[in-house]
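A.B. asks: Below is the structure I would like to discuss, written out as structure tokens.
The values are calculated or read from the model by the stated rules, or taken from the named source; none is laboratory data. It should be emphasised that the depicted structure is a prediction, and the values quoted were computed from it without experimental measurement. Positions of Cβ are backbone-derived with ideal geometry, glycine not excepted, and every protein chain shown enters the neighbour counts.
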Amino acid sequence: MNAELLPGLYIVATPIGNLGDLSPRAAAVLSHADVVAVEDSRVTAGLLRHIGVKRSMLPYHDHNADAVRPGLIARMATEVVALVSDAGTPLISDPGYKLVRDARAAGHAVVTVPGPCAAVAALTLAGLPTDRFLFMGFLPSKAHARAEAIAEVAAVRATLVLYESGPRLSACLAALAEGLGDREAGVAREITKRFEECVTGRLSALVERYADAPPKGEIVVVVAPPEPPAPASADDGDAALAEALTRLPPAKAAGEVAKRLGLDRKALYTRAMELKDR
């Protein structure tokens, strides 16, 4: 057992590009871990070289997770197990949550070492609302399934965040414009690296920009929430009242329409009496 850390699972966020973003705490955990569960040992080996250590690594990814997980869980009883992804925060678009779930079920300590996350970094670059956001991971590659996924969130009043690759970006942006309308959006790529950029504008403009020029690098697409509906007009109120009066007395008709359209209830009641007396 490692003398520096208590045994258990340590979820360690790693840089998404710039190695300078590795936190001192993350470096300390990786330096003292008994084993590091990695997405790609070649990528993590480079990170370990950067901090000047060599540690035992065990591949843990989509294709072997079910087979490897029980052994990792058993080791957590007496050893420090660090979980990393190739870049960013583990469990974000990778299978790590099952390892956390099973570690907790086995009674092992689970510790998070927070740090870089491409989704959050892109939100800070795009200049879109951040009070509510929905992370969607990667959209389906097939057109019909992608359209269905977009339709499911079209009415959600939150900024949408999703990951994409260069070759698929054009089709993704076109599908978003088709399913969501011409919203404000941003395409962030190479975050924290030398050629970091975040191109913002309406979806239609982004579709045109990337139609014949797929960018390189890791990409995050951020899309603004739907714009608030336009305030109801007097004509809208009259039409709604006329329909409601076929079913309800004036007071209740005015109350129903006021709640639905956000109009003044007293004014609607006065108008309902006028319409009723015609």
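A.B. asks: Is it true that some residue in segment 218-233 is touching a Ser or Thr at 6+ places or on another chain (Cβ under 6 Å), more than 18 Å from Thr159 (Cα to Cα), surrounded by fewer than 17 Cβ atoms within 10 Å (Cβ to Cβ) and touching a residue at least 24 places away in the same chain (Cβ under 8 Å)?
C.D. replies: There is no residue in segment 218-233 that is touching a Ser or Thr at 6+ places or on another chain (Cβ under 6 Å), more than 18 Å from Thr159 (Cα to Cα), surrounded by fewer than 17 Cβ atoms within 10 Å (Cβ to Cβ) and touching a residue at least 24 places away in the same chain (Cβ under 8 Å).
A.B. asks: I'm trying to understand the selection: among the residues of segment 239-251, which are under 12 Å from Thr270 (Cα atoms) and surrounded by fewer than 16 Cβ atoms within 10 Å (Cβ to Cβ)?
C.D. replies: Matches in segment 239-251: Ala251 only.
A.B. asks: When segment 71-99 is examined, which residues are found to be exposed (fewer than 14 other Cβ atoms within 10 Å of the Cβ) and over 29 Å from the mean Cα position of the chain (by Cα)?
C.D. replies: Passing the criteria: Gly71, Ala74, Ala77, Thr78.
A.B. asks: I would also like to ask the following. Looking at segment 105-123, which of its residues are free of Cβ contacts under 8 Å to residues at least 12 places away in the same chain and either surrounded by 13 or more Cβ atoms within 10 Å (Cβ to Cβ) or not in a helix (DSSP H, G or I) (or both)?
C.D. replies: Gly107, Val120
A.B. asks: Would you be able to tell me the number of residues in segment 126-140 that are over 9 Å from the mean Cα position of the chain (by Cα) and either surrounded by fewer than 18 Cβ atoms within 10 Å (Cβ to Cβ) or part of a strand (DSSP E or B) (or both)?
C.D. replies: Counting residues in segment 126-140 that are over 9 Å from the mean Cα position of the chain (by Cα) and either surrounded by fewer than 18 Cβ atoms within 10 Å (Cβ to Cβ) or part of a strand (DSSP E or B) (or both) gives 7.
A.B. asks: Mind checking which helices (runs of 4 or more DSSP H) fall wholly inside segment 196-264 and carry at least 2 residues that are small (Gly, Ala, Ser) and more than 33 Å from the chain's Cα centre (by Cα)?
C.D. replies: Here the list reads 234-244, 250-261.
A.B. asks: Taking only segment 265-278 into account, find how many residues are in a loop (DSSP other than H, G, I, E, B) and either surrounded by 13 or more Cβ atoms within 10 Å (Cβ to Cβ) or in contact with a Pro (Cβ under 6 Å, 6 or more places away or on another chain) (or both). Write out each step before concluding.
C.D. replies: Of all residues in segment 265-278, those in a loop (DSSP other than H, G, I, E, B) come to 277-278.
Among the residues that remain, those that are also either surrounded by 13 or more Cβ atoms within 10 Å (Cβ to Cβ) or in contact with a Pro (Cβ under 6 Å, 6 or more places away or on another chain) (or both) are: none.
Residues in segment 265-278 being in a loop (DSSP other than H, G, I, E, B) and either surrounded by 13 or more Cβ atoms within 10 Å (Cβ to Cβ) or in contact with a Pro (Cβ under 6 Å, 6 or more places away or on another chain) (or both): 0 in total.
A.B. asks: Quick check on this structure: which one of Arg157, Arg146, Arg132, Arg168 is outside the structural domain of Ala26 (by TED's automatic domain parsing), under 26 Å from Pro15 (Cα atoms), of a type in the set (D, E, K, R) and out of contact with any Phe, Trp or Tyr (no Cβ under 9 Å at 6 or more places or on another chain)?
C.D. replies: Arg132
A.B. asks: Between Arg69, Arg49, which is among the charged types (D, E, K, R), closer than 26 Å to Gly20 by Cβ and at pLDDT 95 or above?
C.D. replies: Arg49
A.B. asks: I've got another one for you. Identify the residue in segment 141-190 that is among the acidic types (Asp, Glu) and crowded, with 19+ Cβ neighbours inside 10 Å and, among all such residues, is nearest to Arg209 (Cα to Cα). Can you show your working first?
C.D. replies: Step one: of segment 141-190, the residues among the acidic types (Asp, Glu) are 148, 152, 164, 178, 182, 184, 190.
Narrowing further to those that are crowded, with 19+ Cβ neighbours inside 10 Å: 164, 184.
Numbers: Glu164: 16, Glu184: 14 Å.
Residue satisfying both the conditions and the ranking: Glu184.
A.B. asks: What about Leu173, is it in contact with a Leu (Cβ under 7 Å, 6 or more places away or on another chain), more than 15 Å from Gly127 (Cα to Cα) and touching a residue at least 40 places away in the same chain (Cβ under 8 Å)?
C.D. replies: Criteria met by Leu173.
A.B. asks: Which of the residues belonging to segment 50-70 are over 14 Å from Glu39 (Cβ atoms), in contact with a Leu (Cβ under 9 Å, 6 or more places away or on another chain) and hydrophobic (A, V, I, L, M, F, W, C)?
C.D. replies: Ile51, Val53
A.B. asks: Could I ask something else about it? Regarding segment 74-81, can at least one residue be identified that is over 26 Å from Leu162 (Cα atoms) and assigned to a helix (DSSP H, G or I)?
C.D. replies: yes
A.B. asks: Applying the selection to segment 266-278, what residues are at pLDDT below 90 and of a type in the set (D, E, K, R)?
C.D. replies: Arg271, Glu274, Lys276, Asp277, Arg278
A.B. asks: State all residues of segment 262-278 that are closer than 18 Å to Thr246 by Cα and aliphatic (A, V, I, L, M); if no residue qualifies, say none.
C.D. replies: Leu268, Ala272, Met273, Leu275
A.B. asks: I've got another one for you. For segment 144-156, does any single residue satisfy the condition of being assigned to a loop (DSSP other than H, G, I, E, B), modelled with pLDDT of 95 or more and not hydroxyl-bearing (Ser, Thr, Tyr)?
C.D. replies: Looking through segment 144-156, at least one residue is assigned to a loop (DSSP other than H, G, I, E, B), modelled with pLDDT of 95 or more and not hydroxyl-bearing (Ser, Thr, Tyr).
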